[in-house]
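The values are calculated or read from the model by the stated rules, or taken from the named source; none is laboratory data. No experiment lies behind these values; they were computed from the predicted model shown. With ideal geometry, Cβ positions are generated from the backbone for all residues, glycine too; neighbour counts draw on all protein chains shown. Side chains included, ligands, DNA and RNA excluded: accessible areas come from the protein's heavy atoms. Shrake-Rupley method; radii C 1.70, N 1.55, O 1.52, S 1.80 Å.
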Amino acid sequence: MDIAALSMAMSQASLAQNVGIQIMNIAKNQAETQSQTMVEMLGKSVAPNLGKTLDISV
């Protein structure tokens, strides 16, 4: 078994794992930002209580 080749393979696997984790962190941060923006937009709507209740008579 070639020690150098094994070391290179392990290093590449570690790098790939670290890149994947960083990409997931970026996606998580973007989702948090978008959800905060949506909550702010909903809070500033013209009638924030509109649609919370439904009156039905048969």
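Please give the per residue accessible area of the chain, computed with a probe of 1.4 Å over protein heavy atoms only, in Å².
Each residue of the chain exposes 98 Å² on average to a 1.4 Å probe.
Filter the trypsin sites (Lys or Arg not before Pro) in the chain to those in DSSP coil with at most 15 other Cβ atoms within 10 Å of their Cβ, and list the result.
Lys44, Lys52
With just the Cα atoms of the chain, tell me how far they stretch along each of the three principal axes, in Å, largest first.
79, 30, 6
Considering only protein heavy atoms, with the full assembly of protein chains and a 1.4 angstrom probe, order Val19, Val39, Val46 by accessible area, largest first.
If we order Val19, Val39, Val46 from most to least accessible, we get Val46, Val39, Val19.
How much of the accessible area of the chain, probe 1.4 Å, is carbon plus sulfur, in whole percent?
Looking at the chain in its full context, I get 64 percent from C and S.
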